[in-house]
Each structure stands twice: as structure tokens, then as C-alpha cells.
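Below: the structure, in C-alpha cells.
The values are calculated or read from the model by the stated rules, or taken from the named source; none is laboratory data. Keep in mind that what you see is a predicted model, and the values were worked out from it rather than measured. Counting neighbours? That spans all protein chains shown, and the Cβs are built from the backbone with ideal geometry, glycine included. We work out accessible area using only protein heavy atoms, side chains counted, and drop any ligands, DNA or RNA first. Shrake-Rupley method; radii C 1.70, N 1.55, O 1.52, S 1.80 Å.
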Amino acid sequence: MDISFKGVAQYNIDAGPFAVGRWSVRSCRQEIEYHGHTEAHFMYVPQNCAYVTEASGRQARNCSNFIFNPSQTYHRDRLATPGWFFSISLPSDFCDGGCKTPTAPTQLGSPQAHSAISRLIKICDQQDG
């Protein structure tokens, strides 16, 4: 899998066809270079980390941000302060079976989605420790 996240991997776990990772960002530049992700992925940024996004031309919400980026997403999203984020990368053939995913970067705001990602992060953090 092509992992192209900007940050230092605290862990990056192969989970069957998926890759899950926790990434730390210690240095924050005003501008980050335009970069891309060939695979679709979910990205979670906790509330205490300032996140700047270009997704759909919207400002990041002033709370935790949980985003789905379809494959071939190119952007300059970044953390504006030191912090961390969590990612789940999907294999390029994940939706060949007919599943439907958004075609543009999408904020996931439901309490159920945030609860699910919080539980997954907790499990991965425990496995890494």
C-alpha cells in the first residue's frame, strides 16, 4: 500500500487489507506542499489539534475532524500545531465489489462514526503499547 502521510509514524499496522496508523506532527509549516494519496483513506484528527483543510473548500470544524478521502485525493491539508492524527488506508481494489463511497473529501460528523473511530484508536493504542 502507498502510505504518503506527512508525519512520523508512531505505529503503522497492517490489518488484513487495511493499514491503520497513528502519526505525530512535531513541526508545522505555514504551507505544506500539495501532495496526494493514491488509496482512499479515513483520517481522524482529535479536537485538541488545529487542523487546516481544503476539503470541499470548507474550514475544518472546531472539534475533532473525521474525514473520508477518496482515492486520488490531492490536497494541502495539515495540522497547524504540533499534534497527531490517525489514518485507515483502504486497498485500491476495496470498492471493486460495488460498495459506494463518496467521490469527494467528506466530513463524517455522526456521533456513531466518532464513537467507532475512538474505540478503534483505543484498541490500536493498546496493541502498540
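Quick notes
- Here P17 meets the list (1) open to solvent by 50 Å² or more (accessible area, probe 1.4 Å); (2) at pLDDT below 75 almost entirely, failing just condition (2).
- Restricting segment 111-129 to residues that are open to solvent by 50 Å² or more (accessible area, probe 1.4 Å) and either touching a strand residue (DSSP E or B) at 6+ places or on another chain (Cβ under 8 Å) or outside any helix (DSSP H, G or I) (or both), the residue that is farthest from H37 (Cα to Cα) is G129.
- Top-ranked residue in segment 84-108 [being assigned to a helix (DSSP H, G or I), without any contact (Cβ under 8 Å) to a residue 60 or more places away in the chain and not acidic (D, E); ranked as nearest to Y11 (Cα to Cα)]: C95
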